[in-house]
1. Taking only segment B:4-31 into account, find how many residues are hydroxyl-bearing (Ser, Thr, Tyr) and buried (at least 16 other Cβ atoms within 10 Å of the Cβ).
2. If I filter segment B:58-70 for residues that are on the phi < 0 side of the Ramachandran plot, part of a helix (DSSP H, G or I), of a type outside the set (Asp, Glu) and more than 8 Å from chain A (Cβ to nearest Cβ), do I get at least one hit?
3. Out of everything in segment A:39-55 that is at the interface with chain B (Cβ under 7 Å from one of its Cβ atoms), without any contact (Cβ under 8 Å) to a residue 40 or more places away in the chain and out of contact with any strand residue (DSSP E or B) (no Cβ under 9 Å at 6 or more places or on another chain), what residue ends up being farthest from A:Pro125 (Cα to Cα)?
4. Pick out the one residue from B:Val81, B:Val76 that is hydrophobic (A, V, I, L, M, F, W, C) and facing another protein chain (nearest Cβ under 7 Å).
5. Do you know which residues across segment A:154-177 are surrounded by 17 or more Cβ atoms within 10 Å (Cβ to Cβ) and either over 18 Å from the mean Cα position of the chain (by Cα) or closer than 12 Å to A:Leu64 by Cα (or both)?
6. Kindly indicate the residue of segment B:7-27 that is aliphatic (A, V, I, L, M) and within 7 Å of chain A (Cβ to nearest Cβ) and also nearest to B:Ile39 (Cα to Cα) among those meeting that condition.
7. So which residues in segment A:18-38 are in a helix (DSSP H, G or I), surrounded by 14 or more Cβ atoms within 10 Å (Cβ to Cβ) and either modelled with pLDDT of 85 or more or facing chain B (nearest Cβ under 7 Å) (or both), if there are any at all?
Amino acid sequence: MRKIISIILLAIIFIGIILTLCKIPFGIHKTKVGQYYIDKGREETGAVNIVTSVVVNYRGFDTLGEVTILFLVAIGLGAVLSNFKEKGKRKIEPASLILQTGCRFLFPLILLFGAYIFIHGHLTPGGGFQGGAIIASAFLLIYLGCHGKKINEVASKTTESIGGLVFIVIGLIGLTVGGHYFLSNFMPKGQINTLFSAGIIPIIYIAIGFKVGSELAGVIDNLMEKS
Amino acid sequence: MDFLSNNIYYIGAFGLIFIGLFIILVKHNLIKVIIGISILDTGVNLFLIAVGYINKGTAPIFSKPGLDAKNMVDPVPQALVLTAIVIGVAILALALSLAIRLYQHYGTLDLRKIKEQRW
């Protein structure tokens with residue numbers, strides 16, 4: 001009965017979507033705002049990667065909301081899993097020497113790769129969120145490979161707070177010094193297509209990278225330790 | 001055949017969306033419902049990227065000189081999907097933590113056996 005109702009519901013949704021999609025053909029120009037960003041984005045923001053200039057500069061306020069949601073989830077996860085009872089130690093077999101050495105060897109290299117991704121966010125594909133996710137994957141490798149090692153919770157929370165504060169403070173400086181709006185690009189744009197260019201975009205992406213990395217590492221820590 | 005090759009990304013995206021919705025509506029295990037939410041999320045992201053695509057377009061990055069600005073795909077859906085992926089990860093983590101608490105409280109993940117969750 002439940003399956004039949006579900007299939008009827010899905011069929012109704014399917015008909016509605018087909019009727020809509022007939023008016024959106026695949027593979028042609030559709031919006032003018034996207035073309036505007038592509039034409040003017042390099043001069044107005046100094047970033048070569050147009051997606052980055054949209055995420056951090058044109059819609060930076062939107063990104064601040066996104067970072068806030070991630071922060072709320074990290075807090076909520078800690079609150080939901082806070083009062084768990086330890087039901088005896090699980091018996092854990094220590095990992096082999098090859099696995100432990102491999103984890104210790106790969107950990108700094110993955111951190112370096114994540115840092116590269118978020119520092120070059122305005123030049124190459126990538127950015128703060130992707131680099132932060134890569135850094136968190138390094139911590140996941142440590143949790144899976146070497147049992148007994150934990151992240152330092154105070155250091156993680158401090159990094160997270162400093163990342164968020166840098167984002168907001170740069171936005172407020174832009175409001176007072178640069179233009180008349182939050183997160184305006186007040187720093188010199190520099191030579192285009194070089195590392196030191198694009199004004200505030202690399203600074204904000206570095207802050208986001210540290211924040212997302214430490215937040216996702218905290219989420220991994222909560223899910224691994226308290227379940 | 002022409003129709004299929006022209007609209008293959010739309011078909012794939014809505015295939016994923018319908019698989020996800022069907023899992024959410026039909027399955028009884030909470031972990032499977034969360035997997036369905038994740039598949040639905042992936043389908044929506046793929047659909048947004050497909051809407052922004054332009055035939056024979058390149059990524060909107062001026063990484064080397066000589067790239068034509070007329071020939072680039074729309075950057076706005078890509079920026080939106082960047083947001084949506086992060087929110088998807090956040091929802092997945094929160095849903096899994098709630099599933100852990102439900103299992104500790106009721107001792108089961110079957111939605112038919114949890115009284116308050118029955119429908």
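The values are calculated or read from the model by the stated rules, or taken from the named source; none is laboratory data. The structure presented is a predicted model; accordingly, all values stated were derived computationally and were not measured. As a convention, Cβ positions derive from the backbone with ideal geometry for all residues, glycine included, and neighbour counts pool all protein chains shown.
1. So the answer is 2.
2. Scanning segment B:58-70 turns up at least one residue that is on the phi < 0 side of the Ramachandran plot, part of a helix (DSSP H, G or I), of a type outside the set (Asp, Glu) and more than 8 Å from chain A (Cβ to nearest Cβ).
3. A:Asp39
4. Going through B:Val81, B:Val76 in turn, the sole match is B:Val76.
5. Those that are surrounded by 17 or more Cβ atoms within 10 Å (Cβ to Cβ) and either over 18 Å from the mean Cα position of the chain (by Cα) or closer than 12 Å to A:Leu64 by Cα (or both): A:Gly163, A:Gly164, A:Val166, A:Phe167, A:Ile170, A:Gly171, A:Gly174.
6. So, considering only residues that are aliphatic (A, V, I, L, M) and within 7 Å of chain A (Cβ to nearest Cβ), the one nearest to B:Ile39 (Cα to Cα) is B:Leu21.
7. Passing the criteria: A:Leu21, A:Gly34, A:Tyr37, A:Ile38.
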